[in-house]
Amino acid sequence: MKKLSNKIKILILSIFLLIFSIIFIFINRKTCTIKIETNNNISNVDNFNIEIKSKNELENENLEEIGTDIIKIIDKKSKNNIFYLNVEAVSEGKSFIIISDENQKFYNIIPVYVHKFGIITYDSYFGNSNGNIVIPICITILFFYILYLLIKSFIKNARENIYQYKNIAYLGIIIFLSFSLINQIFTIINYKGIINTIETTINMCSAFSTILLPIAFITSILVIISNIVLIKKEGFSFKNILGLMFGLCFCFCNIVPFILDSILDSATWIDVHNIKGIALYLQEFIILSIYVVISYLECILLSTIILSIKSARHIPKFNKDFILILGCQIRKDGTLTNLLKGRVDRAIEFRNMQKEHTGKDLTFIASGGKGADEVTSEAQAIKNYLLKNGINENNIIIEDKSKNTFENIKFSNNIINKRLPNAKIAFSTTNYHVFRAGIMATIQNISIEGIGSKTKSYFWINAFIREFIATIFSEKKKHILIIFFIIILSLFLIFLLYLSYIL
């Protein structure tokens, strides 16, 4: 029997939870317990005057008629400083419960709505009721299940092959959804109705970005500084200014909501202070969308950093037949730069570790062509260094035609396949380059494990930014779909907020 896809499973669970929520709310629809907090301890509820008025009666201040045609009070009690009024629906409409004490020290008006099918809410149109806590609970269950499927898929994919951009996407979404789930749990613990839940969610998104703002600025400054150092030491090029561009963009994006909020608050051409005006909710929608999208992208960046570091610290299994050394620029005299020397030393170190653990030796593939400004090929320079360090010439193979990482792996793999099909292969490169090189192998359907040599920290920052940008573009359809869904969800939440205040 064919297994159901994760999308179908999520759809089935969503439909089930929706039906369950409707049934649960329908069963509890006819009555509602209203909680009213007071400033003093209530000893006797009979000392308080309780009236029920319709909307027209309250607006016209007609005290002769009592609006009990919409709701009626069936029980009242108190505990400490809280009133508990149990009301029952009579007909569809809107009423107001007015509570005051004899000395007029306490006075409160609670709007109560009776929806179609007799569902009662209070405080706002989508306010609290006896049954609607089931909605955030069902959403939390759905979030848990989606998170479970994502974690399961991520672990499976990472075990099969960690060098995939979709692993970054999976981990980023897991981080983002985990934060959303924590927020959802807090709203259930302190549940005060659907609208309060929406407002809490909006405030939490803003709070999340506000908390991250100092971290974002510090990170951006570190990125900019490290990129300036990189340019100074390695020269000016487009790839060497990626971190600088990203740092400046990151700083700007994190303050955009504050700038926009300040401009709209002081604007005379639009009124964003009227609680029943559309402008206020349009402002909230734009600000919320920016906050959520920035938070989502920050989660993707975080997952990029995590997987890049994990790849760099990974030690391949000690069963390899070949280890490929990825070439890079050599010195003018044909000797290795510190960067390339680190890669070769790391390959030798891995070979020694494998021999110590399993007794199995391996063959080195020195890979890298001759650049226009190089006296010899990178492969030959690597071979010379290996020979000086006691590696037998029979255990060294040269691949000197490649011009970049993609060709390093492709041409070396062609040589290996001719000698030993289905061979176990590792590669050695600089730590910041391991994940990217692994991606190049994955694109060519080559099974390979990487090991990384240490390098200067300023290389790392640019590598993270490069992989982050590559991830966004590689999985752009997935990210666009998720961001689109987030924006639509934000619009729906703001629309519910708008309706709750105008109805």
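Structure summary
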| item | result |
| --- | --- |
| Members of region 151-202 found to be among the charged types (D, E, K, R) and either closer than 30 Å to G131 by Cβ or over 15 Å from the mean Cα position of the chain (by Cα) (or both), listed by number | K152, K156, R159, E160, K192, E199 |
| Flag if L493 is at pLDDT below 85, farther than 27 Å from T405 by Cα, over 17 Å from the mean Cα position of the chain (by Cα) and not β-branched (V, I, T) | yes |
| Tally, over region 363-387, of residues that are among the basic types (K, R) and surrounded by 21 or more Cβ atoms within 10 Å (Cβ to Cβ) | 1 |
| Residues of region 68-95 satisfying the condition of being among the hydrophobic types (A, V, I, L, M, F, W, C) and either surrounded by 20 or more Cβ atoms within 10 Å (Cβ to Cβ) or free of Cβ contacts under 8 Å to residues at least 12 places away in the same chain (or both) | I70, I71, F83, L85, V87, A89 |
| Some residue of region 115-124 being more than 12 Å from C32 (Cα to Cα), in contact with a Ser or Thr (Cβ under 8 Å, 6 or more places away or on another chain), aromatic (F, W, Y) and surrounded by fewer than 19 Cβ atoms within 10 Å (Cβ to Cβ) | no |
| Subset of region 1-55 [at pLDDT 80 or above and among the hydroxyl-bearing types (S, T, Y)] | S5, S14, S21, T31, T33 |
| Matching residues, region 56-71, being modelled with pLDDT under 80 and β-branched (V, I, T) | I66, T68 |
| Selected residue (criterion: surrounded by the fewest Cβ atoms within 10 Å (Cβ to Cβ)) from residues of region 265-280 that are under 17 Å from E199 (Cβ atoms) and of a type in the set (A, V, I, L, M, F, W, C) | I275 |
| Filtered residues of region 285-330 (kept if touching an Asp or Glu at 6+ places or on another chain (Cβ under 9 Å), among the charged types (D, E, K, R) and surrounded by fewer than 16 Cβ atoms within 10 Å (Cβ to Cβ)) | K317 |
| Any strands (runs of 3 or more DSSP E) falling wholly within region 66-159 and containing at least 2 residues that are small (G, A, S) | 93-101 |
| Number of the condition not met by I98 [criteria: (1) out of contact with any Asp or Glu (no Cβ under 7 Å at 6 or more places or on another chain); (2) without any contact (Cβ under 8 Å) to a residue 60 or more places away in the chain] | (1) |
| Answer from I287, I278, I270, I263 - the residue that is over 30 Å from T455 (Cβ atoms) and in contact with a Pro (Cβ under 7 Å, 6 or more places away or on another chain) | I287 |
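Listed here are the residues, each with its yes/no results for (1) farther than 25 Å from I23 by Cβ; (2) modelled with pLDDT of 85 or more; (3) of a type in the set (D, E).
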| residue | (1), (2), (3) |
| --- | --- |
| F106 | yes, no, no |
| I120 | no, yes, no |
| Y125 | no, no, no |
| N130 | no, no, no |
| L147 | yes, yes, no |
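The values are calculated or read from the model by the stated rules, or taken from the named source; none is laboratory data. If you're wondering where the values come from, they're calculated on a predicted model, not measured in any experiment. No Cβ is skipped: glycine too gets one built from the backbone with ideal geometry, and neighbour counts run over all protein chains shown.
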